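Asker: Here it is, the structure in full.
The values are calculated or read from the model by the stated rules, or taken from the named source; none is laboratory data. What you see is a predicted model; the values in this text were computed from it and never measured. Methodologically, a virtual Cβ is constructed for each residue, glycine included, from the backbone with ideal geometry; neighbour enumeration extends over all protein chains shown.
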Amino acid sequence: MLIGVPLETAAGETRVAVTPETAKKLQAQGHRVLVQAGAGVAASATDEAYQAAGAETTDAAGAFGAELVLKVRSPSADELGLMKPGTALVGMLNPFDREGLGRLAAAGLTSFALEAAPRTTRAQSMDVLSSQANIAGYKAVMIAADKYQRLFPMLMTAAGTIKAARVVILGVGVAGLQAIATAKRLGAVIEASDVRPSVKEQVESLGAKFIDVPYETAEEKEAAEGVGGYARPMPPSWLERQKVEVAKRVAQADVVITTALIPGRPAPVLVTEEMVRSMKPGSVVVDLAAPAGGNCPLTEAGRTVVKHGVTLVGETNLPALVAADASSLYARNVLDFLKLVLPKDGGFQVPMDDDIVAACLMTQAGEIKRA
Ligand code: NAD
């Protein structure tokens, strides 16, 4: 099969869907891999490295003209113009963007959004949300440490003692857990909150303190269990009590990292303007939910701003700031997904009895397939 790997053109996107490592594996499976010139450069993969792996260098028309196109982000209108109807497309295509999916359907593409894969054991190796959130959690702490004008670890020196930074993490999914682990390695004192009760043990096992907000009604308990591992919106009664507990911690915090998301909905507001006002000057908030409206109403998506003496980071694509490793994990996710649609002993197929394929299929034969 002819596989195309375009250069990503979305603003700030530095990742690439195929690395020299995965290009080599695809070639070994008998496919021809065409990589657009410069596609991997921002992710530390040169054209020469792809060529050494057996891939060919091409231009945009060559990459988008392939039978199967592997991308990070959804193609732009211009890029769609380079694709033939019937082309297969795999990427992070934003399953909740109906308009975007409509454009893919109109272009006649058979498209798969990897973010839609179920959170099951079998799908773990192709779980792009996890692989990228893990990196985002790490980078959020790195950015916080960089913006914060004090140290993270406690330091006892001849010139006196420096106190450890207090870090509060709100939302402990994949990104939040990695943020805890990273901040811990830097020596911070950490507290964390999540709606899901199963998280408490994980937080404590990483050496952080869980901000307990007990459930008082059956409705609160049921909502907190979520669906398919994801959070659901919590009843206002619980959110009010959580707010009181979080406000106390945020007022004491030097760094707040928020990662709370509810799939397909705006992010919940967890850090109010009043809470930001209560923080010490020089404190830092990194809002990973910025692309979904933010967990803090003062964050500005894509910008770093200072308000009430607090630095608010609204970076919307943290994995792209760790382009090489983010690409390397993403490319392995893609390669694993391809095993389902490109089996060793046959051509491209769409086995709808496979729950992962069925969940990821977004468009086919001019129609949006997603329910
Ligand atoms: P996510 O990015 O959708 O959300 C981040 C976190 O925000 C979640 O932990 C969520 O509970 C939390 N949150 C939502 N509203 C909140 C609020 N008001 N206050 C505090 N926290 C709030 O989550 P994710 O990282 O994609 O992970 C979701 C779940 O899926 C986790 O349980 C994770 O362990 C699980 N998971 C399972 C698999 C697998 O089994 N293969 C793979 C990856 C993740």
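Asker: Given the criteria among the hydrophobic types (A, V, I, L, M, F, W, C) and in a helix (DSSP H, G or I), does LEU335 qualify?
Answerer: So LEU335 passes the test.
Asker: Let me ask something else. Scan the stretch 124-142 and report the pairs whose first residue is outside any helix (DSSP H, G or I) and whose second residue is modelled with pLDDT under 95 and within 10 Å of the ligand (Cβ to nearest atom), with Cβ atoms within less than 8 Å and a gap of 6+ or a chain change.
Answerer: ASP127/ARG119
Asker: Restricting to the stretch 217-241, and then to whatever is of a type in the set (A, V, I, L, M) and outside any loop (DSSP other than H, G, I, E, B), can you tell me which residue is farthest from the ligand (Cβ to nearest atom)?
Answerer: ALA218
Asker: Only one of (1) at pLDDT 95 or above; (2) within 30 Å of ASP254 (Cα to Cα) fails for PRO291. Which number is that?
Answerer: (1)
Asker: I've got another one for you. Can you name the residue in the stretch 181-199 that is within 12 Å of the ligand (Cβ to nearest atom) and outside any loop (DSSP other than H, G, I, E, B) and is also nearest to THR120 (Cα to Cα) among such residues?
Answerer: Of everything passing the filter in the stretch 181-199, VAL199 is nearest to THR120 (Cα to Cα).
Asker: While we're on this one: Condition first: without any contact (Cβ under 8 Å) to a residue 40 or more places away in the chain and surrounded by fewer than 16 Cβ atoms within 10 Å (Cβ to Cβ). Now tell me which residues in the stretch 274-290 satisfy that.
Answerer: Within the stretch 274-290, GLU274, ARG277, LYS280, PRO281 qualify.
Asker: Among the residues of the stretch 340-352, is there at least one that is over 17 Å from GLN132 (Cβ atoms), among the β-branched types (Val, Ile, Thr), loosely packed, with under 14 Cβ neighbours inside 10 Å and in contact with a strand residue (DSSP E or B) (Cβ under 7 Å, 6 or more places away or on another chain)?
Answerer: Taking every residue of the stretch 340-352 in turn, none turns out to be over 17 Å from GLN132 (Cβ atoms), among the β-branched types (Val, Ile, Thr), loosely packed, with under 14 Cβ neighbours inside 10 Å and in contact with a strand residue (DSSP E or B) (Cβ under 7 Å, 6 or more places away or on another chain).
Asker: How many residues are surrounded by fewer than 22 Cβ atoms within 10 Å (Cβ to Cβ) and away from the ligand (no atom under 12 Å from the Cβ) when one looks only at the stretch 202-214?
Answerer: Total satisfying the criteria: 7.
Asker: Still on this structure: Across the stretch 29-49, what is the total count of residues that are assigned to a helix (DSSP H, G or I), within 15 Å of SER328 (Cβ to Cβ) and touching a Ser or Thr at 6+ places or on another chain (Cβ under 7 Å)?
Answerer: Residues meeting the conditions: 2.
Asker: Tally the residues that are in contact (Cβ under 8 Å) with a residue 12 or more places away in the chain and either touching a His at 6+ places or on another chain (Cβ under 7 Å) or in a loop (DSSP other than H, G, I, E, B) (or both), restricting the search to the stretch 1-22.
Answerer: Here the count works out to 15.
Asker: Residue by residue through the stretch 98-123, note down the ones that are of a type in the set (D, E, K, R) and either within 16 Å of the ligand (Cβ to nearest atom) or touching a residue at least 40 places away in the same chain (Cβ under 8 Å) (or both).
Answerer: Answer for the stretch 98-123, where residues must be of a type in the set (D, E, K, R) and either within 16 Å of the ligand (Cβ to nearest atom) or touching a residue at least 40 places away in the same chain (Cβ under 8 Å) (or both): ARG98, GLU115, ARG119, ARG122.
Asker: What about VAL41, is it crowded, with 18+ Cβ neighbours inside 10 Å and touching a helix residue (DSSP H, G or I) at 6+ places or on another chain (Cβ under 9 Å)?
Answerer: no
Asker: Do we have any residue at all in the stretch 58-74 that's surrounded by 17 or more Cβ atoms within 10 Å (Cβ to Cβ), under 24 Å from ASN333 (Cβ atoms) and within 16 Å of the ligand (Cβ to nearest atom)?
Answerer: No, the conditions are met nowhere in the stretch 58-74.
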